1. Does residue B:62 qualify as being more than 10 Å from chain A (Cβ to nearest Cβ) and at pLDDT 95 or above?
2. Which of the residues spanning the range C:294-326 are in a helix (DSSP H, G or I) and hydroxyl-bearing (Ser, Thr, Tyr)?
3. Is it the case that some residue within the range A:99-119 is acidic (Asp, Glu) and within 27 Å of residue B:92 (Cα to Cα)?
4. Looking only at the range A:74-93, filter to residues that are within 14 Å of the chain's Cα centre (by Cα) and hydroxyl-bearing (Ser, Thr, Tyr); which one of those is surrounded by the most Cβ atoms within 10 Å (Cβ to Cβ)?
5. So, restricting to helices (runs of 4 or more DSSP H) that lie completely within the range A:81-186, which ones have at least 3 residues that are within 14 Å of chain B (Cβ to nearest Cβ) and touching a residue at least 40 places away in the same chain (Cβ under 8 Å)?
6. Do we have residue A:96 as β-branched (Val, Ile, Thr) and closer than 30 Å to residue C:270 by Cβ here?
7. Would you check if residue A:251 is in contact (Cβ under 8 Å) with a residue 24 or more places away in the chain, part of a loop (DSSP other than H, G, I, E, B) and not charged (D, E, K, R)?
8. Could you tell me which of the residues A:52, A:30, A:21 is closer than 21 Å to residue A:215 by Cα, among the aliphatic types (A, V, I, L, M), modelled with pLDDT of 95 or more and not assigned by TED's automatic domain parsing to the domain that holds residue A:166?
Amino acid sequence: MNNLIARAKELLENKIVQVIVGYEAGPTGVARPAFITNPAKADLLIYDERCVQNLAVYLTKPEVRNLGKMAIVATLPVMRSIMMLISEQQIFADNIIVLGVSSDGSLLDIADIKVMQAYIEKSDLGNPVKDRALLVELNKLSKEERFAYWQKELSKCIKCYACRQACPLCYCTRCTVEVNQPQWIPVQSNTHGNMEWHILRAMHLAGRCISCGECGRACPVGIPCHLLTMQLADEVHNYFKVYAGTSEKMSSVLSTFEPNDKESFII
Amino acid sequence: MSDFEPKVVAFVCNWCTYAGADLTGTSRIKYASNVKIIRFPCTGRIDFMLLLKAFANGADGIIVSGCHPNDCHYTSGNFHAKRRWIMFKELMDFMGVDMNRITFSWVSAAEGAKWADVVNTTVTRLREMGPYVSYRDLVNKSVEEEVKNE
Amino acid sequence: METSRKLIRKQSLEKLYNQLSATRKVYAPVIADDKQVEFKYNPGFAEVTFEHIRSTLSVKNIAFPKVENLFLYSNGKTESTITDIDLNKIPEVVLWGSHPCDNAAFDALRSIFEWDIKDEFFSKRMEKLVVIGLSCHLSDAYCFCTSVGLAPNSSKGSDILLSPLHNGDYQADILTEKGASIVNSFSELFESTSGEEVVLTTVKQKFDHEKVTSKLNGAFEHPFWVENSLRCIGCGACAYVCPTCACFDIQDETRGKNGKRYRSWDSCGFSMFTLHTSGHNPRNVQSARWRQRIMHKFSYMPDRNQSLGCVGCGRCSSGCPVDMNIAEQLEALQNI
């Protein structure tokens, strides 16, 4: 952590970046995003097990971008999000400095995109362990039980769209749910409409989701909606042998194809 | 259940399956009349949301069909569609939606007989499965949710 | 009416609940499978919790449902017919065990829905509502009722307010005619008070709301808003869990010839909330939307509705995915 603070100070003092996007402790003790522009305030930065939010969501936020060139405290999911955002041409690699942190909290030396790519490639890119276990449990259920499970969960949804807003890859300025000619997703919250919304969200993230689990964490009513995109991340790997966010040149799975893609259900 | 006739919506591409279905007719091949065909420019245009809307509006089954791989009028629309269908199928399976109610097929403009076969097997299967009650219940229950305070 | 104070034994409280629950809809808090506190209609008494700090969602939906039909229509060849909603079908509901902050929120909602023209849907639901509140003996770091002029045992908005005693019995303050009529129908369950002291939590005052209101007057262009909303991701979680947020969207949904016009919760935090048809958006950045949220609750509402738009329940802060802590921000605002 001291290394992180020292590095942040150095970057700000030498005017290499104008803002550090990292974590600070809020008044109730939870870690939350911090935007440090003044080197004297770099001491506020923390990094520990509480720091789980995917900060990459701020890379595309206009008001944060307006602050100038930024350095971002990046765990593995953040680095993978950055990779996706670069490959989808939402950000330029030259405009950000990555302050990589490893899972044990030590500062990594991520000099450029190549180094970041190498780090990502040697990491475990599957879903987080506890979510893997949940997925196994759900996949053991019968179809009817799964249908009932998701109905029960999605009936809680209040359509606050925290799942969408918290996701670094849901950066569209106008989401499909805001299109009303035709109205694809009902504005009101009801179980069926909520299910359509979560199917739409998961499909739009298929092959793009980097398994950070931020959507599920953001949900104020505790719907494990991250399992939907994580299941698809698994399937993407099963079918196409790729993980999202591993290369700046990779196009997402659903915007490309191989002529010999294998499936067994089309007659 | 013996007199149950499933409602089937078929989403087909203009260039192959629609022409194939036309050939079925001109060849005087009979097939189940349960199917309502909706013509699209290409399978690449068949949004998964349309399939959901079909179920929501009372379809018991769905057929999605287009040109064989390498035959797409727009070169690659069906390859993209294939990937999307793979993902859609897996997601629907995971959420417990009955994927036996959706038939995906490749039917070319020359395969009038295959189209009749695709429709007939789908309809026969759906007749055995009965109406898609669980999805309809979900939709109806959702309509009632709005007024539960009354 | 003159308020009165009675005692209700623990066993009698169970009887009261069961008898109310047998004859009408009772909306009471339970702890769900996933440990979240939610209000349910007529749960068994054993399920009802008396040990919760706050439910995940507020109870405003009892008066202002998340979705509510306004009328139904049917389109003919040349003309349409409109069917009004039969408001008399709205049932009597007893709200059980909601805390003073949530109950006070009904007054704030009333100041909006009955500000000028009375919203007949809201008014009817309020008319059919009896509130049996429960004073708080638990609180956490997110609570700040004392900063907005309330307290763990405020009676505002309650018809009967129960407050726990050390021995497990409850003190019952009968505050309105509605409350009195319930007590009268179950008078055998209530005893005269023993004067024992109630168990209450203490909530530290974090700011002075009057000072905040006066500071906000003239703080519209202050850099505070941008600086403190950088981490806001623009979801609607705060507005949807808030007991006093009253914004709604109106939509028509048609199927074939028939349709309905309904209203559903909306949030000023959404980027498209103020988008004009022309494409112009007067609140086009998140800082402007965050400012609106605070201004509306602490400046515009006191000014126009003579009511604060906040009851200090802390839901917006505890439910926020990025810890936009409203009490902390208001504390800072009174010193800008």
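The values are calculated or read from the model by the stated rules, or taken from the named source; none is laboratory data. Quick caveat: nothing in here was measured; it's all calculated off a predicted structure. Here the Cβ positions follow ideal geometry from the backbone for every residue, glycine too, while neighbour counts run over all protein chains shown.
1. Numbers: more than 10 Å from chain A (Cβ to nearest Cβ): yes; at pLDDT 95 or above: yes.
For residue B:62, the condition - more than 10 Å from chain A (Cβ to nearest Cβ) and at pLDDT 95 or above - is met.
2. Across the range C:294-326, the qualifying residues are C:299, C:300, C:317, C:318.
3. no
4. Checking each candidate, the answer is A:81.
5. A:129-140, A:143-154
6. yes
7. Values: in contact (Cβ under 8 Å) with a residue 24 or more places away in the chain: yes; part of a loop (DSSP other than H, G, I, E, B): yes; not charged (D, E, K, R): yes.
Considered against the rule, which asks whether it is in contact (Cβ under 8 Å) with a residue 24 or more places away in the chain, part of a loop (DSSP other than H, G, I, E, B) and not charged (D, E, K, R), residue A:251 comes out as yes.
8. Working: A:52 fails: modelled with pLDDT of 95 or more; A:30 fails: modelled with pLDDT of 95 or more.
Selected residue: A:21, the only one of A:52, A:30, A:21 that is closer than 21 Å to residue A:215 by Cα, among the aliphatic types (A, V, I, L, M), modelled with pLDDT of 95 or more and not assigned by TED's automatic domain parsing to the domain that holds residue A:166.
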